[in-house]
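The values are calculated or read from the model by the stated rules, or taken from the named source; none is laboratory data. It should be emphasised that the depicted structure is a prediction, and the values quoted were computed from it without experimental measurement. In this analysis, Cβ positions are derived from the backbone assuming ideal geometry, glycine residues included, and neighbour counts consider all displayed protein chains. With ligands, DNA and RNA removed, areas are computed over all heavy atoms of the protein, side chains included. Shrake-Rupley method; radii C 1.70, N 1.55, O 1.52, S 1.80 Å.
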Amino acid sequence: TMISVTILTKNNEQTIAEVLTSVQVFDDVVVLDTGSSDDTMTIARSFQNVTVYETPFSGFGALHNKASQKAQNDWILSLDSDEVLSKELHDEIMTTNLDATAVYSFPMYNYFNGKVIKGCGWYPDRHVRIYNKTTTSFSDDDIHEKIIDNGMEKVLLKNHVKHYSYRSLSDFLDKLQRYSDLFAQQNKGKKRSSFCKAAGHGSFAFVKCYFLKRGVFYGYEGFMISFYYGLLAFYKYLKLKEINKDS
């Protein structure tokens with residue numbers, strides 16, 4: 001089966017070379033960049049199987065669909081710019097008889113501070129990422145977009161992708177800002193919020209991640225990840241309260 005790989009990028013010079021090296025076996029790799037100011041695009045263009053396109057940010061769902069429209073093949077493997085395909089997963093994909101009425105998911109090994117974290121809800125962390133664009137697409141959500149799989153068979157692949165989602169504290173802070181802004185925009189006028197609601201969501205998110213999802217067993221990293229999820233939930237609802245008041 002001919003498969004195209006699609007990757008969204010913005011300022012990913014630290015991870016993009018390893019990601020693109022892991023997909024060099026595919027003939028068609030589409031990189032859709034939303035305004036990198038570092039070396040991301042220069043690195044991407046140095047790979048012969050990669051075509052780089054530039055576009056303004058329009059929400060993650062819409063961007064994924066735009067990338068798949070630019071792909072040469074109907075079968076799409078969607079990766080993020082910090083997700084490295086393992087050789088085992090590549091081999092498994094290539095030996096699977098792909099069916100256009102199905103979608104395919106695989107687990108992630110999520111890294112923080114150079115360690116694989118299996119607590120905090122970070123494992124097996126399955127995502128549907130292989131689909132046929134003639135039969136389905138990504139949802140149009142600005143954030144938490146996913147491949148629409150209504151009534152389609154979901155095939156679970158065994159092998160994993162390495163995901164370097166947070167390399168440092170500044171990665172947490174960047175995502176905290178970006179995701180809380182997108183959440184507030186997406187839910188403006190649709191959901192109510194208040195300071196108490198924000199504090200409640202924040203506290204619950206921390207407790208859930210640290211205790212119920214076993215972050216407590218992962219030392220410093222487990223605490224930081226849980227604290228981040230608590231802060232993210234708190235700021236999402238605080239920003240929603242602010243944006244509702246302003247509108």
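Based on Cα coordinates alone, diagonalise the gyration tensor for segment 30-70, multiply each eigenvalue by 5, take square roots, and list the semi-axes in whole Å, largest first.
On the way: eigenvalues 67, 35, 6 Å².
After diagonalising the Cα gyration tensor, the semi-axes are 18, 13, 5 Å.
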(request) Report P(r) for segment 51-170: all Cα-Cα distances, bin width 5 Å, range 0 to the bin holding the largest distance, values in whole percent. (result) 2, 10, 19, 21, 22, 15, 8, 2, 0
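Taking 1 over the mean of 1/r across every pair of different Cα atoms in the chain, what Kirkwood radius in Å do you get?
19.1 Å
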(request) Would you mind telling me the share, in percent, of accessible area of the chain contributed by carbon and sulfur at probe 1.4 angstrom? (result) 52 percent
(request) Enumerate the lysines that Lys158 could reach by cross-link, defined here as Cα to Cα under 28 Å, with residues fewer than 8 away along the same chain left out. (result) Lys87, Lys115, Lys118, Lys133, Lys146, Lys208, Lys213
(message) For the chain, take the longest principal axis of its alpha carbons; what is the angle in degrees between that and the long axis of helix 195-207, to the nearest 10 within 0 to 90?
(response) 60 degrees
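Relative contact order, percent, of segment 103-195 when contacts are C-alpha pairs under 8 Å separated by at least 6 residues?
On the way: 120 pairs, mean separation 32.5, N = 93.
Across segment 103-195, relative contact order equals 35 percent.
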(request) Quick one: among Ser36, Ser78, Ser137, which has the greatest mean-square fluctuation in a GNM of the chain with alpha-carbon springs under 10 angstrom? (result) Ser36
(request) Taking trypsin sites (Lys or Arg not before Pro) as candidate sites, keep only those in a DSSP loop with at most 12 other Cβ atoms within 10 Å, then name the longest stretch of the chain containing none of them. (result) 1-157
